[in-house]
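Step one of this worksheet: look at the structure below.
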Amino acid sequence: MSKAVLIDTTKCIGCRACQVACKSWNDLKGERTVFSETWSNPRFLSSNEYNRIIFREIDRPDGQVSWHFISRRCMHCNDPACASVCPVGALEKMKEGPVVYDDGKCIGCRYCMMACPFQIPKFEWGSAVPLIRKCTFCAERQALGLAPSCVTTCPTGTLLFGERPQLLKEAYRRIGSEPKKYYPQVYGEKTAGGTSTLYLTAVSLEDLGLTRVGFRTDLGDVPQGIYGRAWMSKVPFVAVAVGGLCVGLHYLHKRRAEIKAEERKEG
Amino acid sequence: MAEKVQKWYPGEGKLTIGRAILYVVLVLGLISAAARLFLGLGATTNLNDAFPWGLWVSFDILAGVALAGGGFTMAATIYIFNLKKFEPLLRPAKLSAFMGYLVFVIGLFFDLGQPWRIWHPMVMWNPHSVLFEVSWCVMLYTTVLAIDLFIIGLERYGKESWIKFFRDIYLVLVVAGIMLSTLHQSSLGALFLLMPQKMSDLWATKALGPLFFCSAVIGGMSVITLESLLSSKIYKRKPEIGILSDLGKGLAIALLVYFAMKVTDLYARGATVWVWDWVHFWFFVELFGTVALPALLLSFPEVRKTQKGLYWAAGLAAFGVVLNRFNVSLTSYIGYRQFGYFPSAMEIFVTAALIAMGILIFDLGMRYLPIHRSELGGEH
């Protein structure tokens, strides 16, 4: 039922066609961007860039340099922190896979940006009436039975679109058939409760130096939203306990004062 | 129209230097706020995708609400724990609490990307969201405080039958106020439960909720102390040293409890404390300079019973609460983000104007409402 995309970064040649396709399908404004130290361009995701290829050069033991290209975009978590924290429910996980955003509800509090463990939601800082922007997994294309525009554009088959369980099976088939080519883990299978964007890499994300730029490996297998929900589940009990305690103590003291007054009268 | 109550304060009707400064700050802030509304957040603040929350959240919202904790702290002390001797401090506390929440709401209005949708959480619900709960509690609690001040206003105009109605339901208001405050003061800390990996070990704890609650009590008590000392000076009254030194004892206990909570939490999590860098510098200032030191100061009767001593101890404790909110929401992320953040001039102007506005409103309340005990006839 739930769609996902498997990103086999070993197949990526860094052509950035998916970046272009993403911008044109979503009608995102062109802007002057700059190269990073490693030739990534643009340097950061923003309200105008939902997808970017991170370039990485890794020194190999044989003295050669190997290139790695990793697409960074919304992970479309199975249980997204952004949707869990949004006070007005503007963000929502669809059962089809995409995490979508309702322009009409958002109040612009930016809690989703604080809470997202992958730092994906971006704000329209340039606008006087700003909204949150991020990859939509082309939910409107999916509704028409089409694949996301990045997947359709990719010339090397790096991006594979399909049902999540099947993609996971395929990912492990690839790891099993060519163990030397792949790092034996699928990023997104369990991270933060599992995501709809899945990654295969040649080496670990630590070796690629990506853990501080959105590919955290210290998140654990539980969705971040659970911490907030655990707190919220206690709120009604705290409310009743505090309220009851207050009323009880108030009447206790009142009764005590009455008894004291009576004793004084009698004595 | 009822005529003005027989109140007169020095400097009334005249433009004193203090008031002139407040008005200038207010005007600067109004200009900045207008610029923010028309040009947008990106053009007027230094906020960015790496620091979506900045000065306005740290000070106007987190610190403002904590410092306004005096209202519920005093209400609980007097009506629930039956310590009636603190009654003279209740009304000023309510007034300063209302002022604090007004600062919060206006600050939040300018901080939101879509300010005119500030009412959305009323009709669009997400009961999973801590922020949803905070917004409801703050809405309701600000209403409770407004009713409280309304009752005080009724007293000024002598509307006895109305006052009787409110006095009959007063316990409901008190209990609702304490309950709502307990919930949102702690939940403001719980907002940060979701991002333990992004935060420094020093503040990323499951105990953020209880810690925020406890420090809100500290913030409330120290602001009441400062406010009482300052207003006795400004309005030329005798300071309530006796009551304040008793409150100082309470503050010392709250500080000690808070200190114990923090140390226990750090120890239990095995946080790396003894390192020297900027993040740890602010942590040490917070824990030792603004929690342990004022607690130590207040343990000496010589300090507790003098104006100067109380100024210092309460000042340090209040500063510590503010510092804690900045640490949790900003300092804590320094090691994590790719960009830096320092508030823009306009952000600072708006926050300064909110403080000035708070002081002016407080002054207005002190002048036009029966707040001080000398203005109350008998039972109240």
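Quick look at the values:
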| read-out | value |
| --- | --- |
| Residue match in the stretch B:89-102 (condition: among the hydrophobic types (A, V, I, L, M, F, W, C) and either over 30 Å from residue B:370 (Cα atoms) or facing chain A (nearest Cβ under 10 Å) (or both)) | no |
| Top-ranked residue in the stretch B:80-90 [being surrounded by fewer than 24 Cβ atoms within 10 Å (Cβ to Cβ), part of a helix (DSSP H, G or I) and of a type outside the set (Asp, Glu); ranked as nearest to the chain's Cα centre (by Cα)] | B:90 |
| Among residues of the stretch A:187-223, those that are assigned to a loop (DSSP other than H, G, I, E, B), touching a residue at least 24 places away in the same chain (Cβ under 8 Å) and away from chain B (no Cβ under 14 Å), counted | 9 |
| Single residue of B:37, B:26, B:47, B:30 found to be outside any loop (DSSP other than H, G, I, E, B), at the interface with another protein chain (Cβ under 10 Å from one of its Cβ atoms) and on the phi < 0 side of the Ramachandran plot | B:37 |
| Single residue of A:97, A:89 found to be within 19 Å of residue B:131 (Cα to Cα) and either not assigned by TED's automatic domain parsing to the domain that holds residue A:223 or not hydrophobic (A, V, I, L, M, F, W, C) (or both) | A:89 |
| Positions within the stretch A:1-20 being within 21 Å of the chain's Cα centre (by Cα) and either in a loop (DSSP other than H, G, I, E, B) or among the hydrophobic types (A, V, I, L, M, F, W, C) (or both), in sequence order | A:1, A:2, A:4, A:5, A:6, A:7, A:18 |
| Conditions (1) surrounded by fewer than 17 Cβ atoms within 10 Å (Cβ to Cβ); (2) in a helix (DSSP H, G or I); (3) more than 7 Å from every other protein chain (Cβ to nearest Cβ); number of the one not met by residue B:171 | (3) |
| Those residues of the stretch A:226-241 which are more than 7 Å from chain B (Cβ to nearest Cβ) and within 21 Å of the chain's Cα centre (by Cα), in sequence order | A:226, A:230 |
| Test result for residue B:316, farther than 22 Å from residue B:74 by Cα and surrounded by 15 or more Cβ atoms within 10 Å (Cβ to Cβ) | no |
| Filter result (assigned to a helix (DSSP H, G or I) and facing another protein chain (nearest Cβ under 9 Å)) within the stretch B:117-135 | B:117, B:120, B:121, B:123, B:130, B:131, B:132, B:133, B:134, B:135 |
| The stretch A:71-129, residues that are of a type in the set (Phe, Trp, Tyr), surrounded by 21 or more Cβ atoms within 10 Å (Cβ to Cβ) and either without any contact (Cβ under 8 Å) to a residue 60 or more places away in the chain or assigned to a loop (DSSP other than H, G, I, E, B) (or both) | A:101, A:111, A:118 |
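The values are calculated or read from the model by the stated rules, or taken from the named source; none is laboratory data. No experiment lies behind these values; they were computed from the predicted model shown. Note: ideal-geometry Cβ built from the backbone for every residue, glycine included; neighbour counts use all protein chains shown.
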